[in-house]
Amino acid sequence: MRKVFIVLASLSSITALVLTYLPMGTIALIPVALAVVFSLLAMTREKEKSQVFPKVLFFLSVVIFLTIIAKDVFVEDKIVDDQQFIQEKQESVQDAKILLEGLDSVR
Amino acid sequence: MTSLAQVTMRTEPVNTSKKSYLRLCIEVATFDKWDSFFKIRDLYESYVDPITLKPSLYKRNVLEGGYTKTEMYTFSAAGTSITSVARRMKRAETKRSLNVSANASDVVSMVYKLRMIDLSKIKAGQSLPFVIVFDEKQLPVWVKLIGNETISAGNLGKKVCYKLSISAKTDKLKGADKNLIWITADSKRVPCLIKFSIPVGVGQVSLLKATGV
């Protein structure tokens, strides 16, 4: 059972790491919570065996948790000044004016 | 939940040598954290009569990930026919003529028409019919008043809003009363919150800032 919990904690940690890298916001808290639970469960089973790896997984989960919270609190959502998009918008208005002039003349 | 994009609604006057128009514009741009994964740059424009909001020209320019689509509708003077020019991805441009109802509008001008209606005269449960042209198809749309709710409205603070449900006979909108819009129950009728359910999932658009209204 201990091995199962270690495997589940490892998979949850990897998923959390990937989701933390991706711009998925607080969704990554779900695998983090699972990783914490599974690593704690692994630590409570067969205590005579080495607890190093479950402890590493637990520590890693805590670090990921703090990273997710820090990203959510401190990283501001912003849009870049996309010059191509700005130009497309300006050109679109100019094209529209020409088209509207054409429409006005046939109405 | 994660924030995906910023939606900007903007209006400005556009003048030709003979007439004045109002340009109604909706822009959608992903936040920079998403640009590397799924970049969205959508531009929806409607050039309408400033008084009646009757559209003369509608333009749609969509970039969503690798998908691109452009559409342009020119409305006849009577508003009963539309000439559509569309291009999807790198395919050849298509040109079509469509006969539509005289009250047909595009999706952008419909949003603004909705803001022109005095919803205080509408009873809860009552539906208002609209006709829009979207994806080169005429589409009946119903807007039902559900009731009033007080919600957070960005820089406007807490506001009493009309909660409206939007439904249409299309596979692009899912579920009953799952496509909702909250509009302030005052003379400004600012859209504060939009919740939508589409085939790929659910989403929400929340007002951050409203200026010049």
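Bear in mind that the values in this text are calculations on the coordinates, not laboratory data. Computed from a predicted structure; not experimentally measured. Ideal geometry is used to build each Cβ from the backbone, glycine not excepted, and the neighbour counts take in all protein chains shown.
With the dipole of chain B worked out from charges on the C-beta (+1 for Lys and Arg, -1 for Asp and Glu) around the Cα centre, which of B:146, B:38, B:66 lies farthest toward the positive end?
B:146
Can you list the HN-Hα couplings for the stretch B:86-103, worked out from phi with the Karplus curve (6.51, -1.76, 1.60; θ = phi - 60°), rounded to whole Hz and with x for Gly and Pro?
So the J values, rounded to whole Hz, are 9, 9, 10, 6, 9, 6, 5, 5, 10, 10, 9, 10, 10, 8, 10, 5, 4, 9.
Are there DSSP H segments in chain A that both extend 24 Å or more along their axis (alpha-carbon positions) and score a mean Kyte-Doolittle hydropathy of at least 1.0? List them, or say none.
Those that clear 24 Å and a mean of 1.0 are A:2-21, A:52-74.
Assigning unit charges at the beta carbon (Lys, Arg +1; Asp, Glu -1) and nothing else, what dipole magnitude in debye, to the nearest 20, does chain B show about its Cα centre?
160
Please give the calculated 222 nm ellipticity per residue for the protein assembly as shown, where each DSSP H segment of at least 4 residues contributes -39500 (n - 2.57) and the sum is spread over every residue; nearest 500 deg cm²/dmol?
-10000 deg cm²/dmol
Per residue of the stretch B:148-157, what does 6.51 cos²θ - 1.76 cosθ + 1.60 with θ = phi - 60° give for ³J(HN,Hα)? Whole Hz please, x for Gly and Pro, Karplus curve as stated.
Calculated HN-Hα couplings, in order: 10, 9, 9, 9, 6, 10, x, 6, 8, x Hz.
Here is the link list: B:19/B:174; B:178/B:209; B:59/B:169; B:54/B:195. Which ones come out longer than 31 Å on Cα distance?
Result: B:19/B:174 exceed 31 Å.
Give me the distance in nm between label points sitting 7 Å out from Cα along the Cα-to-Cβ direction at residue B:206 and residue B:19, one decimal.
4.1
Once you've got the GNM for chain A with C-alpha springs shorter than 10 Å, pick whichever of A:42, A:96, A:28 has the biggest mean-square fluctuation.
A:96
Could you name the lysines whose alpha carbon sits less than 22 Å from that of residue A:47, not counting residues in the same chain fewer than 8 places away?
Candidates past the 8-residue exclusion: A:3, A:55.
Compute the Cα gyration tensor for the protein assembly as shown, then decide on rounded, prolate or oblate, letting a ≥ b ≥ c be the square roots of its eigenvalues: rounded whenever a/c is under 1.5, prolate when a/b is larger than b/c in the other cases, and oblate in all that remain.
Prolate is the answer for the protein assembly as shown, as a/c is 1.5 or above and a/b outweighs b/c.
Among A:59, A:86, A:43, which residue has its Cα positioned farthest towards the positive end of the charge dipole of chain A, with +1 placed on the Cβ of Lys and Arg, -1 on the Cβ of Asp and Glu, and the dipole taken about the Cα centre?
Result: A:43.
Would you mind giving the mean number of other chain beta-carbons within 10 Å of the Cβ of each residue in B:73-86, as a whole number?
1
Give me the inter-chain shielding for B:32-38: mean count of other chain Cβ atoms within 10 Å, whole number please.
4
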